[in-house]
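Notes follow once the structure below has been shown.
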Amino acid sequence: MSSISAQEAEVIALGDGSTITVEDYLLETSDTGPTTIVVKARPNFDPEPYGAVPSDDFARKVQPLCSGLVQFSRAAIEEENAKAIRIRWDFDPTYDTGAPGAVTITRFHEFLFALDENLMCIPQPLGVGLDNLEPALPSGLPVVLRYIEPGPRARQLTLTYEVNADLADVSTEKLENAAIELCILHADIVLDEQSKYYNQRETELVALAFAQADGRGQELERRVLFGVERNRCDTGLSQKLADAIRGMAGSEPAADAIEVQQ
């Protein structure tokens, strides 16, 4: 990994009144993978005032930073043939971590954005595994996971998907079947991880949001909601049917989801 910028630390606004300080830009190269620009930063606000939360919570908040970097560094990105931007901020948690007084606990959040052919920043959620963002659904609906985030209701988890078909023409039955499959293949992974590592978070409702831009600055979105029982989507399916869906989609068990926060 080599530095691609020697400029001093800079403070960047995130658009909601909060800022981060960018301390370094690095170039990460690999013989087997794409070139990635790494942005090392620290938040000038408390990202976890009530306890640990997943990195994916902040993806929308950080995405404009990725877009701004592309806007002002397009020539360098094209010269280096970079295919992704990874943003990481390190911070000291203010809540009680339970560590002995002599031990200092630090945490970080990390955000990965792929760059498409137009150098647009495409979020790559980390909570279900990067190789699991575009599952082959038994229903046949082509979708890609874009965001995993809480809200907008209290105790709600929302997974947002980009639909690679004409969303307006997708039947209600097909959309509901796809939502059931995604609850099993994705939401259950996230719910399980949150129950293990973010136990202050209570989730009672899961929303599967299917979104599609119309090319005119508007976005069509359709949602399907599920209740939560024992940290699983309440889809009404038996365990046998849920396992069959996982097998048809080639999905690994929930325990194989990756965890990047330390």
Might you let me know whether the stretch 180-197 holds any residue that is open to solvent by 10 Å² or more (accessible area, probe 1.4 Å), in a loop (DSSP other than H, G, I, E, B) and among the polar types (S, T, N, Q)? no
Scanning the stretch 230-245 residue by residue, those on the phi < 0 side of the Ramachandran plot and either touching a helix residue (DSSP H, G or I) at 6+ places or on another chain (Cβ under 6 Å) or of a type in the set (F, W, Y) (or both) turn out to be R232, C233, T235, A242, I245
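Residues are listed down the side, and each one gets a yes or a no for (1) of a type in the set (G, A, S); (2) free of Cβ contacts under 8 Å to residues at least 40 places away in the same chain:
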| position | (1), (2) |
| --- | --- |
| I87 | no, no |
| P93 | no, no |
| T97 | no, yes |
| A102 | yes, yes |
| F113 | no, no |
Looking at the stretch 136-157 only, could you name the residues that are in contact with a Lys or Arg (Cβ under 8 Å, 6 or more places away or on another chain) and not hydrophobic (A, V, I, L, M, F, W, C)? S139, G140, Y147, E149, P150
When you go through G51, G33 one by one, which is the residue that is modelled with pLDDT of 90 or more and open to solvent by less than 60 Å² (accessible area, probe 1.4 Å)? G51
Meets criteria (surrounded by 16 or more Cβ atoms within 10 Å (Cβ to Cβ) and within 22 Å of L145 (Cα to Cα)) for I77: no
One residue from T172, T94 being under 30 Å from V22 (Cα atoms) and of a type in the set (S, T, N, Q): T94
Give just the number: which of (1) over 30 Å from Y95 (Cα atoms); (2) assigned to a helix (DSSP H, G or I); (3) at pLDDT 95 or above does A168 not satisfy? (3)
Please work out if L137 is aliphatic (A, V, I, L, M), surrounded by 16 or more Cβ atoms within 10 Å (Cβ to Cβ) and either free of Cβ contacts under 8 Å to residues at least 24 places away in the same chain or under 30 Å from E28 (Cα atoms) (or both). no
Residue pairs qualifying under the 7 Å Cβ cut-off, at least six apart or on distinct chains, with the first in the stretch 231-246 being free of Cβ contacts under 8 Å to residues at least 12 places away in the same chain and assigned to a loop (DSSP other than H, G, I, E, B) and the second being surrounded by 15 or more Cβ atoms within 10 Å (Cβ to Cβ) and not hydroxyl-bearing (S, T, Y), are D234/F226; D234/V228
Sort out which residues of the stretch 102-128 are within 17 Å of F58 (Cα to Cα), part of a loop (DSSP other than H, G, I, E, B) and small (G, A, S), and write them in order of number. G127
For the stretch 91-110, does any single residue satisfy the condition of being touching a strand residue (DSSP E or B) at 6+ places or on another chain (Cβ under 7 Å), farther than 19 Å from Q124 by Cα and acidic (D, E)? no
Give the residue, chosen from A52, A76, that is touching a residue at least 12 places away in the same chain (Cβ under 8 Å), farther than 23 Å from D131 by Cβ and within 19 Å of the chain's Cα centre (by Cα). A52
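The values are calculated or read from the model by the stated rules, or taken from the named source; none is laboratory data. Predicted model only: the values in this text are computed from it and were never measured. Here the Cβ is made from the backbone with ideal geometry for all residues, glycine too, and neighbour counts use every protein chain on show. Remember, those area values only see protein heavy atoms, side chains included, never the ligands or the DNA or RNA. Shrake-Rupley method; radii C 1.70, N 1.55, O 1.52, S 1.80 Å.
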